[in-house]
1. Could you tell me how many degrees, from 0 to 90 and to the nearest 10, lie between the Cα long axis of helix B:187-213 and the main elongation axis, the longest principal axis, of the Cα atoms of chain B?
2. Which helices, taking whole DSSP H runs in chain A, have alpha carbons extending 15 angstrom or more along the helix axis plus mean Kyte-Doolittle at least 0.5?
3. Which one of A:ALA93, A:HIS128, A:HIS103 is farthest out on the positive end of the charge dipole of the range A:82-148, using unit charges on Cβ (Lys, Arg +1; Asp, Glu -1) and the Cα centre as origin?
4. For B:LYS71 paired with A:SER293, estimate the spin-label separation in nm (one decimal), with each label point 7 Å from Cα along the Cα-to-Cβ line.
5. Just grab the label-to-label distance for A:GLN253 and A:ASP452, each label 7 Å out from Cα along the Cβ direction, in nm (one decimal).
6. With viscosity set to 1.567 mPa s at 4 °C, what whole-number translational diffusion coefficient in µm²/s follows for the range A:1-145 from Stokes-Einstein and a Kirkwood radius over Cα pairs?
7. Give me the one-decimal nm value for the distance between modelled label points at B:ARG82 and A:ASN260, 7 Å along each residue's Cα-to-Cβ direction.
8. Provide a whole-number value for the mean count of partner chain Cβ atoms within 10 Å of the Cβ atoms in peptide B:109-117.
Amino acid sequence: MIIDKQVIYDTATSRELTHEQKLMAMAKCAENCLENFTLSARAEELFASEVIRDLYEGNTPYRPRYILPDYDKFMKQGSKFLKTDAPTDLDEALFALITLYRHVPSVTNFPVYLGNLDRMLDPFLDGHTDEEIIKKLRLVFTYLDRTITDSFCHANLGPEDSRAARLILEAEEPMINAVPNFTIKYDPQITPDELMEKAISCSLKCSNPAIANHAMCEGSFGDAYGVASCYNILPTCGGAYTLTRLTMPKLAQMASSVENFMNELLPEAVAIMCDYMAQRIKFMVEQSGFFESNFLVKEGLISADRFLGMFGLTGLAECVNILLKVEHDGYGHSKEAEELATQILERTQTLVDTHHAPYSPLTGGKFLLHAQVGLDRDDGVTSGVRIPVGDEPCDFFDHLRHSAKLHGYFPTGVGDIFPIATNVSQNTSALLDVVKGAFGIGVRYLSFYAADTDLVRITGYLVKRSEMEKWENHEAVLHNTTQLGSSPYHTAHLGDRKVRMG
Amino acid sequence: MKRVFVNAILPISTVDGPGARSTVFLQGCNVACAYCHNPETQRHCCHCGDCVTTCPSKALRLKDGKVVFNKALCIQCDQCLRTCTHRSTPKAQAMTVAEVFAEIMKNRTFIRGITVSGGECTLYPDFLKELFAQCEQVGLTTLLDSNGTVAFDKYPELLKVTTGVMLDVKAWDQTVWHNLLSQTDDIAWQKSIILQAEQFWRNLRSNLILLANQNKLAELRIVVMPDHVDASRIIAELAHHTEPSLRNIALKLIAFRPHNVPFPANTLPATSNQIMNNLFEQAKRQGFTNICIR
């Protein structure tokens with residue numbers, strides 16, 4: 001590929017990008033001017049028509065897409081490479097963590113996973129008052145928001161109750177920051193109602209934390225899982241090599257019939273995608289040198305054995321409606337649409353399982369499905385397996401029942417986002433009842449924000465409406481994700497999501 | 001099987017008791033409060049047919065002298081409610097206990113209980129008793145909203161299966177009570193309410209004691225509407241009640257809002273924050289321990 005000098009010039013001289021954003025964009029240009037993969041003519045066609053998207057991972061994979069270090073191990077052993085001793089008090093713990101975060105790469109160049117913060121910090125809280133701890137936490141959270149300039153960054157809490165969990169929620173609530181994302185791992189058998197009501201109350205004020213169905217997520221990788229980036233559920237001490245995604249509606253548009261889609265187009269697309277991901281993984285493991293030279297690997301904070309490839313898909317709603325030739329009252333409403341949706345996912349799962357994922361012993365050599373939540377240019381493609389905005393069922397419970405039928409297919413991540421009527425903050429146990437019910441029937445992940453908040457969840461990551469306005473007025477903005485979020489916010493009418501519990 | 005008219009079943013409500021609850025609104029009330037914010041629940045449809053002519057989606061028609069509602073065609077615009085001059089709705093459905101219970105059970109996994117409201121649901125004590133008994137058997141808590149005008153001591157079996165009553169204390173002074181409850185231009189009905197008003201007032205007083213004694217008072221509610229409700233007096237009288245003490249019962253002070261209320265209340269302003277705060281402070285001073293403003 002010939003390097004596009006004009007693009008580089010425009011990037012370097014942009015008045016709307018920060019220095020860091022320019023640097024990363026130009027690095028991407030350099031990476032992309034190499035050709036490391038072999039694509040058949042048909043594969044090229046599917047990429048060109050955006051049936052398959054590589055999600056900006058770049059042509060020269062020199063680091064895994066998502067890295068989830070074993071932070072618990074780091075807290076016990078420190079790091080030789082970073083000349084950081086294992087922390088012995090709270091200040092040392094916080095500094096050790098933010099030092100390590102600086103050196104955890106990902107597809108965004110920033111850490112996408114910050115660890116189970118409450119579990120890591122709780123042992124260091126004795127001897128400090130609540131006020132002292134909250135002040136330190138707020139300083140660190142502010143630091144993270146201003147230096148990790150990308151909201152695909154995720155800290156975890158729970159499922160156990162702890163002083164740390166409560167203080168983190170208390171510290172976080174008034175800050176209303178886009179970074180980091182928080183998820184609380186929730187298991188009604190482990191997590192007390194009182195803590196969850198605090199978490200829900202917090203989310204109605206600052207759009208964090210989201211809630212993961214711990215029992216369901218644990219099923220994938222045992223207890224050693226983390227929620228990273230937007231809502232990816234991945235093994236800790238490992239992560240994901242790559243995430244490629246299938247844009248289902250574009251494939252459906254090529255289909256002459258449902259049979260043609262299921263028996264010809266889908267198998268072909270799955271084969272091409274799995275081959276492409278296998279090539280990416282092989283490059284990363286065999287050529288990039290990441291797993292030989294990176295200190296995270298050398299010090300046992302990540303292991304090549306614990307990475308996997310994510311097979312993403314998106315736009316199931318439009319895909320089903322196109323195949324059924326309906327515009328409304330299809331996906332999310334009719335029995336026929338529900339059956340077709342399930343059949344498509346079953347078929348996709350079966351097909352993906354027939355392809356070998358290299359260097360993925362944790363998954364038995366298989367790729368795992370992921371409900372990919374969309375790209376900035378997605379138009380007419382609803383995120384993952386969600387119901388399109390404007391077409392949501394009137395009944396909140398019907399909506400959740402629909403999600404429950406599909407969430408089970410996506411061990412590496414799927415989730416629904418709901419704006420909640422503001423008066424629910426006066427009855428948070430009501431929303432907790434709904435979460436319990438939803439998780440009980442198989443919903444994997446939920447996030448809520450107050451209907452009138454400035455800080456909204458776009459497709460999984462957080463962005464402020466006020467920041468988007470600045471970007472749309474051609475001002476520079478601190479977070480990359482403000483730029484990314486602006487387009488889908490408008491094209492998918494995310495501001496018009498149906499408000500629930502009103 | 002006995003049927004009652006059900007105005008609506010909301011699969012989820014967050015304002016009708018703690019936790020997530022389904023709320024059943026029964027049609028029909030025995031009073032006509034000046035501030036009623038759902039006056040379309042007060043009376044039963046008299047089949048005058050006025051609403052049929054104004055329905056934009058043809059969901060209503062007259063058949064054999066009765067208004068028939070086709071839910072499938074309804075676009076929920078509420079034009080029929082605005083057209084109706086009889087404080088009613090053509091959309092209420094006659095349902096059995098089994099049918100209501102089946103609707104509730106569709107969402108069993110998401111709710112911790114049900115609340116029955118209305119209208120005045122205690123006009124149907126047998127229906128309530130049977131419905132609540134079935135709900136209790138599946139672990140659902142049972143709350144009911146009441147204006148307290150029907151004497152609960154006549155229905156001990158109902159109380160056995162009721163987790164709690166959210167009781168309106170609409171007025172304390174008898175004159176205020178009579179005026180507040182009889183705001184309708186249906187003269188015959190107004191006369192009927194006035195004739196029963198004193199008995200209603202006595203029933204409310206005895207219900208307060210009975211429900212408190214049996215630990216069935218989930219909440220006390222006062223709608224604050226200056227010049228129409230003696231809210232300060234109500235609070236003081238409730239606070240001084242000693243057999244038993246009512247001060248630890250949740251007290252909800254609800255600001256009047258002129259939304260969906262009948263004339264002339266719809267011309268009046270919403271109750272100010274200052275008045276609400278003053279009443280809150282009074283309740284606190286007088287010993288209430290659990291007060292909230294809505």
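1. The helix B:187-213 is inclined about 50 degrees to chain B.
2. On the way: long enough: A:19-32 (20 Å, -0.68); A:90-101 (17 Å, 1.42); A:130-147 (25 Å, -0.34); A:193-206 (19 Å, 0.06); A:266-282 (24 Å, 0.41); A:335-353 (27 Å, -0.59); A:396-407 (16 Å, -0.61); A:428-440 (18 Å, 0.98); A:480-491 (18 Å, -1.12).
Sorted by number, the helices that extend far enough and score high enough are A:90-101, A:428-440.
3. A:HIS103
4. Result: 6.8 nm between the two label points.
5. 4.0
6. Details: Rh = 18.6 Å.
Diffusion coefficient, whole number: 70 µm²/s.
7. With each label placed 7 Å out from Cα toward Cβ, I get 4.9 nm.
8. 4
The numbers here are math on the coordinates, done by the rules we state, and not lab data. Keep in mind it's a predicted model, so treat the numbers as computed, not measured. Methodologically, a virtual Cβ is constructed for each residue, glycine included, from the backbone with ideal geometry; neighbour enumeration extends over all protein chains shown.
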